[in-house]
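Here the structure comes first, spelled out in structure tokens, and everything after it is commentary.
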Amino acid sequence: LLDLIFAHPKGHDLILHWVRPHSLEAICTMVASEMDLVVKELSFPSVEDVSSEFISNWTLERVVEPATKLCPSLLHILEAAAQTQEAKRKNKIKFPKTACNVIISQLAYQRSNRSIKFQSVFGLFLWSTGSSRKTIDALFRCSLTISYDSFGKLLSQLSQRYITLAKQIASSPHMFCYDNINISSSIFVEQRGAATPAKVQSGTFGILYGLRNATLDDLKLQPIINRYRNCKGLSPSDLRLSLDQLKCLNHQFSVIILRILFKHCPLYSGYSSHPALQSISRHPLAVGGKTEQFPLWTTTIEESLIHGNLMSTNARIRGGQVMCVNDLDPWTRQDIFQLGFGLFHLCMNLIWALLHVHRGSLQQTGSLTYFFGLMEKACLGADYPDYHKLLAALTQVLEGIILGAWLDELGDFAEFAKMNPSAQDLLLRAQSILNRSACPLGNWQKGSKAKDPPIPPYAGALDPLHDIAHQNTLLLTRDLLYMIELTLAISEGDFGHVEDLLPVLVKIFRGAGSNNYCMEILHFLANLKHIWMPKFA
């Protein structure tokens, strides 16, 4: 009978009018019961129970979504409020799932201040990205994060747990490095508190990295000491690329030239996934592999100071090893320290060295200053400008030069694309651009007498002094390709490509006057080739 009345147009509205207050109360009771389960699922006894393992494994799908499945009625109501029926049928891009999960987390935290499985991690994200105290407190009022004051307890217990993990790593195969840190705060003591750091506090912190697939036998010191005592030093062949390395580097440069074309010309972007146009793997990391890192306490020793500087510290350790060479044990002889350099600092010092070599002046066509002027770049006139700004500018210079070379090579991009060139054809044309636009002309030798004309390196060779701007541009393009290859090798996690570049980087740093990094790479090459055991290296 009720179904018949409800199916009638007039009866439909009457029944809805009657049942709405009764059903609303029933739904509220049901939602309240469901939220009790959600609160229990998202709760910690206190903020100090948020562990490092929980943070490391945290995802919205793993932590919050199981809790939202405990309140299907509320979730259904939120989804109905978040999108129309038409959007639910047609929308293939925007979905309300994440928003509904976050709203349910907010409601759980509003219901109980122990439901912090979302708020604790989201608050750490805000804190780590530099959000102000006012921002965090405002979002705390919205139940999106824990309060700013609670971070003191959370950070204190997390730091203690990470130090405990670092102690465990220190007793197993590991690597140690350190980096600088700069913390900015308010200039007003009344705002930041007397016990907090000054406006800018600089320091240094160490990091332990667990070595994958390494055993304590691989780290035995005595075999390394024996090889060191028998080492005769680097030979000229150690500073020359092998034929295999030259072929690989030639292919890598061609791939970089092709990627520039694919990036800026969508007509050729379909070739970007072709197997023949990919990088050659040398010594890549395992797919999905990440090295675990364990930061240590921060000290107030600034890296820019003599006793906090990386190159100075390495030089002092080596000096101490020479002075203590006749001491009684490996500890006092400091043999335990096997030194290396940081790849980020290697990149940073490389682009500074290239800037020093190719800076030139605004009137010198082909110099970096000339290109910076064309692109209206600012804040690059200092000896050591910002790393990211300089790297972006140098990348744009290289891409502009290579795109111009592609235009000369292909003519009209659209017309050539209509010919459906093969991947091999594009690779051969990239190699042609490499030979024509990134290989400097050979220097002519002076004659035996001052009046004798210079001697070309081979028949038909062009004189580099005939067009100095052209020669300088070739040198710049070659060096920028080395820069891009180094950054790509690091980002792709293939240290084999970094190792291939080391003999070249030695010469670049020495030519630029960067003797510290030149010596660091020479020491590292000697260790790789002659001193370290193969499994250790």
- Mind checking the angle between helix 243-264 and the chain's longest principal axis? C-alpha axes, 0 to 90 degrees, to the nearest 10. 50
- Message: Suppose only helical runs count, i.e. DSSP H with n ≥ 4. What mean residue ellipticity at 222 nm does that imply for the chain under -39500 (n - 2.57) per run, divided by all residues and rounded to the nearest 500 deg cm²/dmol?
- Response: -17000 deg cm²/dmol
- Task: Report in % the part of the accessible area of the stretch 34-141 that belongs to carbon and sulfur, leaving out ligands and nucleic acids; probe 1.4 Å.
- Result: 56
- C-alpha long axis of helix 119-128 to longest principal axis of the chain, angle in °: 30
- Task: Within the stretch 233-268, which residues have the backbone N less than 15 Å from the label spot 7 Å out from residue 445 along Cα→beta-carbon, could you tell me?
- Result: none
- Task: Report the extension gain between residue 470 and residue 40 in nm, rounded to one decimal, defined as 0.36 nm multiplied by the number of residues separating them, less their alpha carbon distance.
- Result: 147.7 nm
- Task: Compute the FRET efficiency between residue 48 and residue 176 as 1/(1 + (r/R0)^6), taking r as their Cβ-Cβ distance and R0 = 22 Å, and round to the nearest 0.05.
- Result: 0.15
- Query: Which of the lysines could a cross-linker span from residue 290 if the Cα-Cα distance has to be under 21 Å and same-chain partners fewer than 8 positions apart are dropped?
  - Reply: 167, 535
- Linear extension gain, residue 347 paired with residue 239, 0.36 nm per residue minus alpha-carbon span: 36.9 nm
- Query: How long are the semi-axes of the ellipsoid equivalent to the chain, from square roots of 5 times the Cα gyration tensor eigenvalues, in whole Å, largest first?
  - Reply: 56, 36, 23
- Message: Accessible area per residue for the chain in Å², computed with a 1.4 Å probe and the full protein assembly in place, what is it?
- Response: 60
- Message: If I model a spin label at residue 528 and residue 287 as a point 7 Å from the Cα along the Cα→Cβ vector, what separation in nanometres do I get?
- Response: 2.6
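Do you know the relative contact order of the chain, to the nearest whole percent, from alpha carbon pairs under 8 angstrom that are 6+ apart?
Values: 553 pairs, mean separation 73.8, N = 537.
That works out to 14 percent.
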- Task: First check a/c for the stretch 1-104, with a ≥ b ≥ c the square roots of the eigenvalues of its C-alpha gyration tensor; if it is under 1.5, answer rounded, and if not, answer prolate when a/b is larger than b/c or oblate otherwise.
- Result: oblate
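The values are calculated or read from the model by the stated rules, or taken from the named source; none is laboratory data. None of these values were measured; they are calculated from a predicted model. Cβ atoms come from the backbone with ideal geometry, glycine included; neighbour counts cover every protein chain shown. With ligands, DNA and RNA removed, areas are computed over all heavy atoms of the protein, side chains included. Shrake-Rupley method; radii C 1.70, N 1.55, O 1.52, S 1.80 Å.
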